[in-house]
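First up is the structure itself, then whatever we jot down about it.
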Amino acid sequence: MAKTPESLELSINDATDRSLDRDCTTLSRHVLQQLQSFSPDAQDLSALMNRIGLAGKLIARRLSRAGLMEGVLGFTGEVNVQGESVKKMDVYANDVFISVFKQSGLVCRLASEEMEQPYYIPENCPIGRYTLLYDPIDGSSNTDTNLSLGSIFSIRQQEGTDSDGQAIDLLSNGHKQIAAGYILYGPSTMLVYTIANGVHSFTLDPSLGEFILTEENIKIPNHGPVYSVNEGNFWQWEESIREYIRYVHRTEGYTARYSGAMVSDIHRILVQGGVFLYPGTIQKPEGKLRLLYETAPLAFLIEQAGGRATTGLVNILDVVPKKLHQRTPLIIGSKEDVAKVESFIQNGH
Ligand code: AFP
């Protein structure tokens, strides 16, 4: 039955209302909606997430213009606490996260993959009860080749005064995180986060300069075709991991995808399903990835989306670090695919 002018107008108004409502669902508003509260704590967490969004916008702007600017890409000539050659974008992004939290009263301590010890913002201490843990640029090897990159973040409540600056309270399991997520610098810039109430994605609308809600309560498929691993390390792996890779090579329906930036690979798997692996090697059984800045935040998020994250033997969120820059092997993604890898590690098949 043809629509009457009135009903047509109504549906147009509905559609306009819906898109307007979505366009107004900014990150800070969404956090308050999630918390269903305007309490000081809720306001703080909303403001905190908004500052993380600001850091993402600043880094995205720099990346989008990097090829047109002098001295933005390439190496600094320094080596960081991880023993890796530092990229200029690593330093810029690390400073951006520190700058956006100055004069915020929110975060007293920032712990980053790029800094040996946490950075303290005196004017925020002791009132700032939160600690931000982050990997400012995930996938640094992609910075100079215009490929996708990410930033990974995690928020924890500070326990005790940390008067000796050793940040001992951060050496606790991943269940202590109150929020976590990543920013993906790809064709569009996206921010995906959780405050332990589902996983939600936002897309940066450059014309508004706002992260706008894209999808709520994202659920990872229980199984997917993608396996993501650097097969260049094949001969350095334990036999059980090699057996798993031989299994996916001879089994119909699997496809390999590996970008060099874990955030990009994890985002693909969140949407399409599958598994990402960075196993330990015979030389380095603990692998390459950092627990507090990379694997624990992504494990917190993926578990909220219905997936799993393990070292192959224990859940990543149960791992208690002995040092700030501790590394862990990582197998993360869809429940069935992580269980398949585990079956090779734990039972050899
Ligand atoms: P960088 O940030 O140092 O490039 O490391 C990126 C990363 O932590 C993760 O994003 C990648 O999946 C993985 O390391 C790439 O490591 P390989 O180059 O050894 O595969």
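Among Ser154, Ser207, which comes first, second and so on when ranked by fewest other beta-carbon atoms within 10 Å?
On the way: Ser154 27, Ser207 6.
In order of increasing Cβ crowding within 10 Å: Ser207, Ser154.
Both radii are taken from the alpha-carbon atoms of segment 144-282; with Rh as the Kirkwood radius, Rg/Rh is 1.03.
Close amide H contacts of Ile212 (hydrogens built in the peptide plane, cut-off under 5 Å, sequence separation of 5 or more or a different chain): Thr203, Leu204, Asp205. DSSP beta bridges fully contained in segment 200-349 are about 75 percent antiparallel.
Each listed q (0.11, 0.12, 0.24 Å⁻¹) maps to a log10 I(q)/I(0) for segment 217-297, found by the Debye formula over equal Cα scatterers with no solvent: -0.31, -0.37, -1.29. Rounded to the nearest 20, the Cβ-based charge dipole of segment 160-239 about its Cα centre (Lys and Arg +1, Asp and Glu -1) stands at 200 debye.
Once a ≥ b ≥ c are taken as the square roots of the eigenvalues of the Cα gyration tensor of segment 1-101, is the result rounded (a/c under 1.5), prolate (a/b larger than b/c) or oblate (a/b not larger than b/c)?
Oblate, since a/c reaches 1.5 and b/c is not below a/b.
If you add up the charges near Thr131, with Lys and Arg at +1 and Asp and Glu at -1, over every other residue whose beta carbon is less than 11 angstrom from its beta carbon, what do you get? Spell out each step's value before the answer.
Working: positive: Arg109, Arg129, Arg156, Lys176; negative: Glu159, Asp162, Asp169.
Taking every other residue near Thr131 into account, the sum is +1.
Among the listed pairs Lys219/Lys323; Lys88/Lys176; Lys176/Lys323; Lys176/Lys322; Lys57/Lys219; Lys284/Lys322, those with a Cα-Cα distance over 21 Å are Lys219/Lys323; Lys88/Lys176; Lys57/Lys219. Neighbour counts of C-beta atoms inside 10 Å place Ile59, Ile12 in the sequence Ile12, Ile59, starting with the fewest. For segment 112-221, trypsin sites (Lys or Arg not before Pro) are listed when DSSP marks them as loop and at most 15 other Cβ atoms sit within 10 Å of their Cβ; the list is Lys219.
Quick one: divide the alpha-carbon radius of gyration of segment 176-239 by 2.2 N^0.38 Å and tell me what you get.
Ratio of Cα Rg to 2.2 N^0.38 Å: 1.53.
By DSSP, the beta bridges lying fully in segment 1-142 are antiparallel in about 45 percent of cases. Gly333 sits among other residues whose Cβ lies under 12 Å from its own Cβ, and their net charge, with Lys and Arg +1 and Asp and Glu -1, is 0. Counted by neighbouring Cβ atoms within 10 Å, the residues Glu84, Glu6 run from fewest to most as Glu6, Glu84. Charge dipole of the chain (Cα centre as origin; +1 on each Lys and Arg Cβ, -1 on each Asp and Glu Cβ, all else neutral): 340 debye, rounded to the nearest 20. Take every Cα pair under 8 Å whose residues are at least 6 apart in sequence, average their separation, divide by the length of the chain, and the relative contact order is 14 percent.
Counting charges near Gln117 (Lys, Arg +1; Asp, Glu -1) among other residues having Cβ under 12 Å from its Cβ returns a value of -2. Against the compact-protein benchmark of 2.2 N^0.38 Å, the Cα-based radius of gyration of the chain scales to 1.03.
Rounded to the nearest whole Å³, what is the per residue volume of the convex hull around the Cα atoms of segment 20-74? Please report the intermediate quantities before stating the final value.
Values: hull volume 5.3 nm³, N = 55.
Once divided by residue count, the hull of segment 20-74 is 96 Å³.
Between amide H atoms placed 1.01 Å from N, distances below 5 Å from Gln326 occur with Leu291, Leu292, all of them 5 or more places distant or on a separate chain.
Quick note: the coordinates plus some simple rules give every number you see, no bench work behind them. Everything numeric in this text was worked out from a predicted model, so none of it was measured. Quick reminder, even Gly has a Cβ in these numbers, built from the backbone with ideal geometry, and neighbours come from all protein chains shown.
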